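Q: First the structure, then my questions, so here it is.
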Amino acid sequence: DAGVIQSPRHEVTEMGQEVTLRCKPISGHNSLFWYRQTMMRGLELLIYFNNNVPIDDSGMPEDRFSAKMPNASFSTLKIQPSEPRDSAVYFCASSTTPVVIYFGEGSWLTVV
Amino acid sequence: AQSVTQLDSQVPVFEEAPVELRCNYSSSVSVYLFWYVQYPNQGLQLLLKYLSGSTLVKGINGFEAEFNKSQTSFHLRKPSVHISDTAEYFCAVIKFKNTDKLIFGTGTRLQVFP
């Protein structure tokens, strides 16, 4: 199994630019999660989807953040416009049972 | 409300020594419990989980954890650590009725010295 695949692994962008992070969940998994990890706040759940439908987006920090899941094998997390405080590691994760969640390697985002 | 507390932000230990990483949770309902490990510049890997049954759970890399309902704890242990165990360890919980929300503790940095 290929695992959860995220791209890009690393991105450096200037403040105000649009950032798009991509995720391919494990085949057959029906739940997908976006987490953000920072030193200050640790691991935070931003949003999760079940069967491609957003279930809980209460963790999305503000309107600059949006997430989509157009099909069962692809999701995006978009930040527009980006700000330096968005610098973090963004993890995508997926699960098939309701309980065991598998994580990707993360996307390291730096906004300068 | 539900939260996960990892009491130690850092745990330094010498190689081959035993280690315990502490985790306590608070929840008004039953929970599932997990430990994840994060090696430098990598994602999170599931170390072990408690869903039901025996309260002593064995995971990968020689780690084990014990669920203690009365003390609301799920401490992680290893009898003899290796240099390669140096990593960040996260305790996490899921509420029974909300099985899609995995809530993490703040993490414990295990540093193993030769």
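The values are calculated or read from the model by the stated rules, or taken from the named source; none is laboratory data. Values in this document were obtained by computation on a predicted structure and should not be read as measured data. Methodologically, a virtual Cβ is constructed for each residue, glycine included, from the backbone with ideal geometry; neighbour enumeration extends over all protein chains shown. Quick note on the areas: whole protein, heavy atoms, side chains included, nothing else; ligands and nucleic acids left out. Shrake-Rupley method; radii C 1.70, N 1.55, O 1.52, S 1.80 Å.
Q: Give me the net charge of B:Glu16's neighbourhood, meaning all other residues with Cβ under 13 Å from the Cβ of B:Glu16; Lys, Arg count +1, Asp, Glu -1.
A: -1
Q: Can you flag which of A:Lys24/A:Lys78; B:Lys49/B:Lys78; A:Lys78/B:Lys49; A:Lys24/B:Lys78; A:Lys68/B:Lys95; B:Lys49/B:Lys95 are past 22 Å Cα-Cα?
A: Details: A:Lys24/A:Lys78 15 Å; B:Lys49/B:Lys78 15 Å; A:Lys78/B:Lys49 32 Å; A:Lys24/B:Lys78 34 Å; A:Lys68/B:Lys95 26 Å; B:Lys49/B:Lys95 14 Å.
Those over the limit are A:Lys78/B:Lys49; A:Lys24/B:Lys78; A:Lys68/B:Lys95.
Q: Could you size up the charge dipole of region B:48-114 around its Cα centre, putting +1 on the beta carbon of Lys and Arg and -1 on that of Asp and Glu, and report it in debye to the nearest 20? Kindly include the intermediate steps, with their values, before the conclusion.
A: Details: 9 positive and 5 negative charges, 49 e Å.
Dipole about the Cα centre, nearest 20: 240 debye.
Q: Based on the mean of other Cβ atoms within 10 Å per residue, sort peptides A:50-57, B:67-74 so the most packed one is first.
A: Details: A:50-57: 13.6, B:67-74: 15.1.
My ranking of the peptides, most packed first, is B:67-74, A:50-57.
Q: Using only the Cα atoms of region B:1-42, each taken as one equal point scatterer with no solvent, compute I(q) by the Debye sum, divide by I(0), and report log10 of the ratio at q = 0.19 Å⁻¹.
A: One equal scatterer on each Cα of region B:1-42 leads to -0.79.
Q: Peptide B:41-52: average number of partner chain Cβ atoms within 10 Å per residue? The partial results should precede the final answer.
A: Working: counts 6, 3, 14, 11, 2, 4, 0, 0, 2, 0, 3, 0.
Across B:41-52, the average partner-chain Cβ count within 10 Å equals 4.
Q: Given a Förster distance of 41 angstrom, what is the FRET efficiency for B:Lys58 paired with A:Ile5, based on the Cβ-Cβ distance and rounded to 0.05?
A: Working: r = 29 Å, r/R0 = 0.72.
Between B:Lys58 and A:Ile5 the formula returns 0.90.
Q: Would you mind calculating the gained length between A:Met15 and A:Asn51 on full extension (0.36 nm times residue separation, minus the Cα-Cα distance), in nm to one decimal? Provide the component values of the computation, followed by the final result.
A: Details: separation 36, 0.36 × 36 = 12.96 nm, distance 3.35 nm.
Extra length available between A:Met15 and A:Asn51 comes to 9.6 nm.
Q: Describe numerically, in nm with one decimal, the distance between label points set 7 Å from Cα along Cα→Cβ at A:Thr96 and at A:Lys78.
A: Roughly 3.1 nm, to one decimal.
Q: Using a Förster distance of 25 Å, how high is the FRET efficiency between B:Asn41 and B:Asn68, based on the Cβ-Cβ distance and rounded to 0.05?
A: Once the sixth-power term is evaluated, E becomes 0.15.
Q: By the scheme Lys and Arg +1, Asp and Glu -1, what is the net charge of all other residues having a beta-carbon under 12 Å from that of A:Met15?
A: On the way: positive: A:Arg64, A:Arg85; negative: A:Glu14, A:Glu18, A:Glu83, A:Asp86.
Net charge around A:Met15: -2.
Q: Go through A:12-20, B:21-29, A:31-39 and give me the packing order, highest mean Cβ count within 10 Å leading. Kindly include the intermediate steps, with their values, before the conclusion.
A: Numbers: A:12-20: 13.1, B:21-29: 16.6, A:31-39: 21.0.
Most protected by this proxy first, the peptides run A:31-39, B:21-29, A:12-20.
Q: Another one. Per residue of A:35-46, count partner chain C-beta atoms within 10 Å of its C-beta, then hand back the mean as an integer. Provide the component values of the computation, followed by the final result.
A: Working: counts 4, 0, 7, 0, 0, 0, 1, 7, 11, 2, 5, 0.
Average neighbour count from other chains, rounded to a whole number: 3.
Q: Among A:71-80, B:54-63, how do they line up by average Cβ neighbours within 10 Å per residue, starting with the highest? Present the calculation step by step, with values, prior to reporting the outcome.
A: Details: A:71-80: 16.5, B:54-63: 13.8.
Highest-to-lowest ranking by the protection proxy: A:71-80, B:54-63.
Q: What fraction of the Cα pairs in chain B, stated in percent, has a spacing above 16 angstrom?
A: On the way: 3606 of 6441 pairs.
Within chain B, distances greater than 16 Å cover 56 percent of Cα pairs.
Q: Over the protein assembly as shown, give the accessible area per residue in Å² for a 1.4 Å probe, as an integer. Mind showing how you got there, number by number?
A: On the way: 10950 Å² over 226 residues.
Heavy-atom accessible area per residue stands at 48 Å².
Q: Over the protein assembly as shown, what portion of Cα pair distances is larger than 30 Å, expressed as a whole percent? Don't skip to the answer; put the middle values down first.
A: Details: 6297 of 25425 pairs.
Above the 30 Å cut-off, the protein assembly as shown has 25 percent of its Cα pairs.
Q: Okay, next question. How many square angstrom of accessible surface are buried between B and A, both sides summed, with a 1.4 Å probe and rounding to 100?
A: Details: alone 6320 and 6250 Å², together 10950 Å².
Counting protein atoms only, the buried area is about 1600 Å².
Q: Report in % the part of the accessible area of region A:44-108 that belongs to carbon and sulfur, leaving out ligands and nucleic acids; probe 1.4 Å. Present the calculation step by step, with values, prior to reporting the outcome.
A: Numbers: 1440 of 2760 Å².
Solvent-exposed carbon and sulfur of region A:44-108 make up 52 percent of the total.
Q: Roughly to the nearest percent, how much of the accessible area of chain B is carbon and sulfur, given a 1.4 Å probe? Walk me through the numbers before you get to the answer.
A: Details: 2780 of 5530 Å².
Answer for chain B: carbon and sulfur cover 50 percent of the accessible area.
Q: A further question on this structure: Taking the Cβ of A:Ser107 as the centre, find all other residues whose Cβ is under 9 Å away and add up their charges (Lys, Arg: +1; Asp, Glu: -1).
A: Numbers: positive: A:Arg9, A:Arg22; negative: A:Glu11, A:Glu105.
Net local charge, A:Ser107 excluded: 0.
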